[in-house]
Amino acid sequence: MSSKTPSSLGYRMPAEWEPQAAVWMSWPYNLITWEDHLAGAEKAFVEIIEILTRHERVNLLVPNPKVRARAEKKLAKAKIKKSNLKIHDIESGDVWFRDYGPLFIVKNKPGLRARGTSGKAFTKWSYNAYGGKYDDLLIGNEVPNKMPLKDYERFDAGIILEGGSIDVNGTGTLITTESCLLSKDRNPHLTKKEIEQKIKDYLGVTNILWLLEGIEGDDTTGHVDDLTRFVDRSTVVTVVEEDETDANYKSLMENAKRLRFMKDERGERLKVVTLPMPKPFYVGDRRMAASYANFLIANGVVLVPIYNQPSDEEALKTLTKCFPDREVIGIDCCELIFGYGSIHCASMQEPR
């Protein structure tokens, strides 16, 4: 583990659309999370893994032999490219790998492949289960320590940060929210400036953009991957709510207003493309934190959460225009969203 910062050594966090070596995921198993929605979450996972293995390797975590057997049985019924699936016996707490897993960094210029393991490293951030909300998920903090990453240089940032709370364009700009990164239940001892410096040091960014807050029903205090995502160096998609009576209307309007004045690391205004919000739907009295922004960009494909609503088609059309070189596929996430997250939350890309 180096005493120098990744930024000082020339590392950066690549954009999600850059070439990937693998996608990391954890099979759903926590009954505290899923209650009677576990089978629905597993169904979504099978579909996601089936599609991803056509394009790249999937590294799948399971906590014990019982869950491994269940996962293998479910996956056996799908058209999985077996050579692209590797199962690891690592306990994680649950599926939200993006938030407790490592953030990979590379030492190369955008568009170029890292050369060998010396060109790729990872950063380890602390994870406190969204401000100490879930004791059963705290074990996720140990996941990077157990992963087979010994060939990669490791950098420990020493502060709490979840991967879903940030998004990068790969060339120096990162976007996040005040409600999450400045929350008192994350790093109360640090100022905004100190948090920014830590992110710059460990992810190799130079320009940090701040949105206000997240969507209704989100238990993460406002992860940006439910709100606004880069789709190229200077373009973002952002969710908007047209219904003035909806609880999300005011905050999403504020986010959109801020985006109109934001610039990338070159000082150029961002291009902003809007995505609809699905109409509110509930399980019991709890509103689901459903958003089309929680898509995953992978090699040759973009996987988009859909919710059996008329707005699904509009969201898919918009993202198809954003990714003309990739197949855009909708995945039914009506059950997966019960766990407070969707496709992007449940995955983490590893660059080549």
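Put simply, the convex hull of the Cα atoms in segment 200-352 casts, on average, a shadow of 9.6 nm². Highest mean packing first, where packing is the average number of other Cβ atoms within 10 Å per residue, the peptides 314-327, 90-103 line up as 90-103, 314-327.
Model label points for MET253 and VAL240, set 7 angstrom from Cα along the Cα-to-Cβ axis, are 1.2 nm apart. Here the dipole of the chain is about 1660 debye; that uses its Cα centre as origin and unit charges on the Cβ of Lys and Arg (positive) and Asp and Glu (negative).
Pairs with C-alpha atoms separated by more than 31 Å, drawn from the list LYS4/LYS193; LYS150/LYS321; LYS257/LYS317, are LYS150/LYS321. Alpha carbon centre of segment 1-45 versus segment 228-286: separation in Å? First find each Cα centre; the distance between them is then 23 Å. Beta bridges from DSSP with both residues in the chain: antiparallel share about 40 percent, rounded to the nearest 5. You can think of it this way: the chain between LYS81 and LEU138 has 17.3 nm of extra reach, that is 0.36 nm per residue less the Cα-Cα gap. Given their separation in residues at 0.36 nm each and the Cα-Cα distance between them, ASP185 and LYS279 gain 30.8 nm when the chain is fully extended.
When segment 85-224 is described by a simple charge dipole with +1 on each Lys and Arg Cβ and -1 on each Asp and Glu Cβ, the residue from ILE159, TYR100, LEU203 located farthest towards its positive end is LEU203. As a rough guide to protection, the peptides 214-223, 197-206 ranked by mean Cβ packing within 10 Å, highest first, stand as 214-223, 197-206.
All Cα-Cα distances of the chain, cut into 10 Å bins from zero to the largest, leave 5, 27, 38, 25, 5, 0 percent in each bin in turn.
None of the figures in this text is laboratory data; all of them are computed from the coordinates on show. All values derive from a computational prediction rather than experimental measurement. Note that we place each Cβ from the backbone using ideal geometry, even for glycine, and neighbour counts take in every protein chain shown.
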